[in-house]
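Colleague: Okay, here's the structure, questions in a sec.
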Amino acid sequence: NGVRNGRATEVGPASPRCAGLLRRNSLTDEEGQLAHVSNWPLHYLFCFGTELGNELFYILFFPFWIWNLDALVGRRLVVIWVLVMYLGQCTKDIIRWPRPASPPVVKLEVFYNSEYSMPSTHAMSGTAIPISMILLTYGRWQYPLTYGLILIPCWCSLVCISRIYMGMHSILDVIAGFLYTILILVIFYPFVDVIDNFNQTHRYAPLIIIGLHLALGIFSFTLDTWSTSRGDTAEILGSGAGIACGSHFTYKMGLLLDPPLDILPLARHPISMTLFGKAILRIFIGMLFVLVVRDIMKRITIPLACKIFSIPCDDIRKARQHMEVELPYRYITYGMVGFSITFLIPYIFFFIGIS
């Protein structure tokens, strides 16, 4: 259609404004293509939809649930998310299906362009999270089932369509991701309660959690050469291990106790200025602490790994592409972030009286 390298040969009726470089891969310097946008409301809607599967969303969404809504549901959402995303990333490296070719596709986002395409892990998380939210909260909270019947298709379809719009996936990729997630939930969802109870109560849970997540990581990291998939998998496993270990120590110290079963379903508290103010404080203080922990751990782990494995550290981007640097950095850094979310930060909330 007259498109070469993302630029139309004729502008035609399209808006003279362009989408710009939506997201840049900081490790490869690859940039998104320029393209004319004729419908800006839909463009921004799809940009929002694709962010529902990116790190920024996860680092805001899961802490918000754990700190302000329901810690039990938040923890179990993380268990499902880790399982779904891990299987999705491993399956990508096994199938090795390339991204859609450009041209004809115009790639507006290239942050994950170095990964394989089948199945779409954005579609998998966009399917798993809303379905799991409804399954975990229905009967536990008081709300009409209609909410879930509206939320699930809207969330899932928005994420899937956004990935096609961004040029990152074909229709087949997102359909496969959706069906793959349904299969995973059917098989593993009945065990989520058992896993969460084990993480909290078993005496040796932290050792088993760390060992299991490391073993899963070692298996997956040998499947392929470097791509953002390897680092993302380490990040997911590290976050899951940290949150699970943090929930164990939180339970042992009695910081975040789940409500007894005999008072379910939970009634919705009336929104007051005190309730709203505490929620805002928890988000502000908690996220500030998360960012500080992530920055400190990043500054410690990357130079330390470079020194241990004798890798030049003058160019951080190149150093991070070495498995010996990337894996410890991602796993330890995000493990500490997850541990902070479920243990250190709730302890701070308890200490200053905003639990």
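Colleague: For F48 and I150 in the same chain, what is the full-extension length gain: residue separation times 0.36 nm, less their Cα-Cα distance, in nm? Can you show the working numbers first?
Modeller: Details: separation 102, 0.36 × 102 = 36.72 nm, distance 1.83 nm.
Residue separation times 0.36 nm, minus the Cα-Cα distance, leaves 34.9 nm.
Colleague: Two-decimal Rg/Rh of segment 103-173 from alpha-carbon positions, Kirkwood Rh?
Modeller: 1.11
Colleague: Could you state the number of Å between the C-alpha centres of segment 55-125 and segment 295-341?
Modeller: 22
Colleague: Quick check: pseudo-label points 7 Å beyond the Cα along Cα→Cβ at S38 and A279, how many nm apart are they?
Modeller: Result for the modelled spin labels: 4.1 nm.
Colleague: When the Debye formula is applied to the Cα atoms of segment 74-141, each taken as the same point scatterer, what base-10 log of I(q)/I(0) results at q = 0.25, 0.26, 0.27 Å⁻¹?
Modeller: So the normalised log intensities work out to -1.06, -1.11, -1.15.
Colleague: Another question, if that's okay. Would you mind giving the three semi-axes, in whole Å and largest first, of the ellipsoid equivalent to segment 31-184 according to its Cα gyration tensor? Provide the component values of the computation, followed by the final result.
Modeller: Details: eigenvalues 155, 64, 37 Å².
Whole-Å semi-axes of the equivalent ellipsoid: 28, 18, 14.
Colleague: A follow-up question, please. As a footprinting exposure proxy, order S157, S340 by other Cβ within 10 Å, with the fewest listed first. Don't skip to the end; give the middle numbers.
Modeller: Values: S157 16, S340 24.
Starting with the residue having the fewest Cβ neighbours, the order is S157, S340.
Read-outs throughout are calculated quantities, based only on the coordinates presented, and are distinct from any laboratory measurement. Predicted model, so just to flag it, every value in this text is computed and none were measured. Ideal geometry is used to build each Cβ from the backbone, glycine not excepted, and the neighbour counts take in all protein chains shown.
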